[in-house]
Amino acid sequence: MGAFTNKIDFEVVIMVNHGNPNGDPLNGNRPREDFDGFGEISDVCLKRKIRNRLQDMGEKIFIQSEERCDDGCKSLADRTKTNDEMQKALKAKDNEAYAKAACKTWIDVRAFGQVFAFKGNSVSVGVRGPVTIQSAFSVDPIDIESIQITKSVNSETSHDTMGMKHRVNFALYTVKGSINHQLAEKTGFSDEDAEKIKEALRTLFENDASSARPDGSMEVVKVYWWKHNCPMGQYSSAKVHRLLKIEKKTEFPKSIDDYEFTLNSLPGLEVEIIEGI
């Protein structure tokens, strides 16, 4: 596997149309929103979707969803026990070798990092990943529609119960992230891995449909991918993430055509624009 050459910043534009992008379990599964009414998709939710896509692409994933488990392991502890290099390093109390073996095996560990905690007085092994992703926020305050539904969830009786279903009528969300060169060197994250992350972002909602997110209700519109010309980067991520401006043309947008995209530039920094699916 090759090395990771230069810092990368990226931004993803997501369209939501009559779907629930990330329900809040502490608020009746209503779409998440901040105190100003802007929609939010947590970074944890986004990383889960990226892991799922990488797994669909044939990559080995450490943090797997229960319904997507493909290696027969019933827990994270069981998964670590299948790695002979990690078990050897654990017996030798070599934390560095333990972390290196984990990064070598699972792409999500070398991308996002992981904490391996042990029982007793053993010191936990921490891995800092180079790929950081912020929570996604909507361009405008979101309009949430709630409808009453009947649910057949009781297997003991035939009686239905009443419930609520919530969805965002239409909104654009943006996701911002970065890939750090220094941390990539430590975990073994490579340029090839970066390309896999890019493809996972482009196809983020493939095989992600549910009753809350029917097929077609979630779409990646564009991925903006800035690769710097030096390992540490020419500019800060904050400066790069301010380059894209999205403004609505009408008071109540109902489609992507109701928004205007303006992409500014910084001297010497090229951007790759990828259409989502």
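Pair-distance distribution of the stretch 48-160: all C-alpha pairs, bin width 5 Å, starting at 0; shares per bin in whole percent are 2, 9, 16, 17, 13, 10, 9, 8, 7, 6, 3, 1.
Each other residue within a Cβ distance under 10 Å of Thr187 adds +1 if Lys or Arg and -1 if Asp or Glu, for a net charge of +3. Would you mind pulling out the separation of the Cα centroids of the stretch 164-230 and the stretch 238-277, in Å? With the stretch 164-230 and the stretch 238-277 each reduced to a Cα centre, they are spaced 16 Å. Rolled with a 1.4 Å probe across the full set of protein chains, the surface gives Ser146 an accessible area near 50 Å².
Karplus-derived 3J(HN,Hα) values for the stretch 11-25, using 6.51 cos²θ - 1.76 cosθ + 1.60 with θ = phi - 60°, are 9, 10, 9, 10, 9, 10, 9, 6, x, 10, x, 6, x, 9, x Hz; glycine and proline are entered as x.
For the chain, with all protein chains present and a 1.4 Å probe, just round the carbon and sulfur fraction of the accessible area to a whole percent. Could you put the intermediate results ahead of the total?
Details: 7240 of 15090 Å².
Of the solvent-accessible surface of the chain, carbon and sulfur hold 48 percent.
Of the residues Leu243, Val139, Pro214, the one whose Cα sits farthest toward the positive end of the charge dipole of the chain, with +1 on the Cβ of Lys and Arg and -1 on the Cβ of Asp and Glu, is Leu243.
Specify whether the C-alpha gyration tensor of the chain places it in the rounded, prolate or oblate class, a ≥ b ≥ c being the square roots of the eigenvalues: rounded for a/c under 1.5, otherwise prolate if a/b is larger than b/c and oblate if not. Please list the in-between numbers first.
Values: a/c = 2.36, a/b = 1.17, b/c = 2.01.
Note, shape of the chain comes out oblate.
Taking each residue as 0.36 nm, the span from Glu185 to Ile63 lengthens on full extension beyond its C-alpha to C-alpha distance by 41.7 nm.
For the stretch 163-168, 3J(HN,Hα) computed residue by residue from phi via the Karplus equation (6.51, -1.76, 1.60; θ = phi - 60°) reads x, 10, 10, 10, 8, 8 Hz, glycine and proline entered as x. For Val221, nonlocal amide neighbours, meaning residues 5 or more places apart or on other chains whose placed amide H falls under 5 Å from its own, are Val13, Ile14, Met15. Charging the Cβ of each Asp and Glu at -1 and of each Lys and Arg at +1, and nothing else, the dipole of the chain about its Cα centre rounds to 1000 debye. Peptides 123-132, 16-25 ranked from most to least packed give 16-25, 123-132, packing being the mean of other C-beta atoms within 10 angstrom over each peptide's residues. Taking every protein chain into account, the accessible area of the chain amounts to 54 square angstrom per residue (probe 1.4 Å). What does the charge count near Lys151 come to, summing +1 for each Lys or Arg and -1 for each Asp or Glu among other residues with Cβ under 12 Å from its Cβ? So the environment of Lys151 carries a net charge of 0. Here the stretch 121-235 is described by how far its Cα atoms reach on the three principal axes: 62, 46, 24 Å, from widest to narrowest. Among Ser190, Ser65, Ser42, the largest mean-square fluctuation in a Gaussian network model of the chain (Cα springs under 10 Å) belongs to Ser65. Highest average first, the peptides 86-93, 168-175 ordered by how many other beta carbon atoms sit within 10 Å of their residues are 168-175, 86-93. Remark: spin-label model distance Phe261-Met232 equals 3.3 nm, labels positioned 7 Å along the Cα→Cβ axis.
The values are calculated or read from the model by the stated rules, or taken from the named source; none is laboratory data. None of these values were measured; they are calculated from a predicted model. Every residue, glycine as well, gets a Cβ built from its backbone with ideal geometry; the counts of neighbours run over all protein chains shown. When the accessible area is computed, the model is the full protein with side chains, heavy atoms only, and any ligands, DNA or RNA have been set aside. Shrake-Rupley method; radii C 1.70, N 1.55, O 1.52, S 1.80 Å.
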